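Student: Please see the structure below; I have some questions.
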Amino acid sequence: MTEFTQRYQQLKAQIRQFEIQYHRQQNSVSLLAVSKSHSSELILALYQESQQDFAESYLQESLDKISALSDKDITWHYIGALQTNKIRDIAHHFDWVQTVSRLKEAQLLSEHRSITQSPLNICIQVKLDDNPKKTGIPLAQVPDLVNSILDLPKLNLRGLMCLPPFTEEFDMQRKYFSLMRTLFEKIKPGLSIDTLSMGMTHDFEAAIAEGSTMVRIGTGLFGQRQKHG
Ligand SMILES: *Cc1c(COP(=O)(O)O)cnc(C)c1O
C-alpha cells in the first residue's frame, strides 16, 4: 500500500468512527473524493481501492480526466461554478451537479441532458450567510426552487449541498450544519431525496454529527492543491 492509499483507508475508517461516535447508521455517510487539480493517475489509484465517486470544479480539466478514465465505472460530480456557456458540457459529461442555485441553471441543465442519458442528479446549493459574493440560494427560497426543479424532466433532485462560512470552531460548524439538517427534514416529506452533501476536510466531523450523508474531501485526501489557473 502506498502512503496515498493508506491515507484514503484511514480517512474511510475515520468516517466510520464518526458514524459510531455520533450515533449515525453504519455506512450512512459516503465519501466524495474531490479530485480537482489532481491527476487522473491519482484518481485511478483510488478507484483501484474501490472509490467510485469523484468531484471536479474546473470544466476543461475535468473533461480531460473523464475522457482519460472513460472505461472506468466512475460517478462524476460537478461542484464548480455553473457559467451558462459551460452548462451543456456539464450536463453531458457529469452524473451529478451539486451547485444548482438558480432555476435558470436547472432549466438549462435539463434541456441539455440528452434523451438517451439517465436524468442528471442534482443538489441545490444553499447559502448560509448573506454574503452577496457567495453562491447558493438563501434558505428561505429553497422550497420554491425544489418545487420548480421537480417539474424538469431530465433532472433527478437528490438533495442539498452547502459550503458554510469558514470557521475552525466546532460548535459554530455544527450550528451551520444543523440549519441544513432542519431544512432537509422540512422539505423531505413526499420527496425521494436522500443526499445532504456537507463537510469538507476541516469540518467533516461536525457535518457527520449533524446528519451529513456525503462528505466532500479534497485536501485531506490528496494533499494541498496547486492554485488553479
Ligand atoms: C474544493 C472543494 C471541496 C474540498 O475541499 P477540501 O477543503 O480540500 O476538502 C469541497 N466542496 C467544494 C464545493 C469544493 O469546491
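Residues are listed down the side, and each one gets a yes or a no for (1) over 14 Å from the mean Cα position of the chain (by Cα); (2) part of a helix (DSSP H, G or I); (3) surrounded by 15 or more Cβ atoms within 10 Å (Cβ to Cβ):
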position	(1), (2), (3)
Ile66	yes, yes, yes
Lys72	yes, no, no
Ile87	yes, yes, yes
Val97	no, no, yes
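Student: For residues that are within 19 Å of the chain's Cα centre (by Cα) and β-branched (Val, Ile, Thr), scanning just segment 109-167, find the one that is nearest to His92 (Cα to Cα).
Tutor: Ranking the candidates gives Ile122 first.
Student: I'm trying to understand the selection: among the residues of segment 177-229, which are within 14 Å of the ligand (Cβ to nearest atom), open to solvent by 10 Å² or more (accessible area, probe 1.4 Å) and assigned to a helix (DSSP H, G or I)?
Tutor: Once the filter is applied, which keeps residues that are within 14 Å of the ligand (Cβ to nearest atom), open to solvent by 10 Å² or more (accessible area, probe 1.4 Å) and assigned to a helix (DSSP H, G or I), segment 177-229 yields Phe204, Glu205, Thr219, Gly220, Phe222.
Student: For segment 128-146, which residues satisfy the criterion of being surrounded by 15 or more Cβ atoms within 10 Å (Cβ to Cβ) and of a type in the set (A, V, I, L, M)?
Tutor: Answer for segment 128-146, where residues must be surrounded by 15 or more Cβ atoms within 10 Å (Cβ to Cβ) and of a type in the set (A, V, I, L, M): Leu128, Ile137, Leu139, Val142, Leu145, Val146.
Student: Does Gln117 count as open to solvent by 20 Å² or more (accessible area, probe 1.4 Å), in a loop (DSSP other than H, G, I, E, B) and within 15 Å of the ligand (Cβ to nearest atom)? Please lay out each step first, then the result.
Tutor: Numbers: open to solvent by 20 Å² or more (accessible area, probe 1.4 Å): yes; in a loop (DSSP other than H, G, I, E, B): yes; within 15 Å of the ligand (Cβ to nearest atom): no.
Judged against the criteria, Gln117 is not a match.
Student: Of the residues Ile122, Ile149, which is part of a helix (DSSP H, G or I), open to solvent by less than 10 Å² (accessible area, probe 1.4 Å) and touching a strand residue (DSSP E or B) at 6+ places or on another chain (Cβ under 6 Å)?
Tutor: On the way: Ile122 fails: part of a helix (DSSP H, G or I).
So the residue among Ile122, Ile149 that is part of a helix (DSSP H, G or I), open to solvent by less than 10 Å² (accessible area, probe 1.4 Å) and touching a strand residue (DSSP E or B) at 6+ places or on another chain (Cβ under 6 Å) is Ile149.
Student: Please go through segment 74-85 and pick out each residue that is within 16 Å of Ser35 (Cβ to Cβ) and exposed (fewer than 15 other Cβ atoms within 10 Å of the Cβ).
Tutor: Thr75
Student: Can Glu105 be described as of a type in the set (Asp, Glu), open to solvent by less than 30 Å² (accessible area, probe 1.4 Å) and more than 14 Å from the ligand (Cβ to nearest atom)?
Tutor: Here the answer is yes, as Glu105 does meet what is asked.
Student: Could you tell me whether any residue of segment 213-228 is touching a residue at least 12 places away in the same chain (Cβ under 8 Å) and over 29 Å from His93 (Cα atoms)?
Tutor: Within segment 213-228, none of the residues are touching a residue at least 12 places away in the same chain (Cβ under 8 Å) and over 29 Å from His93 (Cα atoms).
The values are calculated or read from the model by the stated rules, or taken from the named source; none is laboratory data. Predicted model only: the values in this text are computed from it and were never measured. Reconstructed Cβ throughout: ideal geometry from the backbone, glycine too, with neighbour counts over all protein chains shown. Quick note on the areas: whole protein, heavy atoms, side chains included, nothing else; ligands and nucleic acids left out. Shrake-Rupley method; radii C 1.70, N 1.55, O 1.52, S 1.80 Å.
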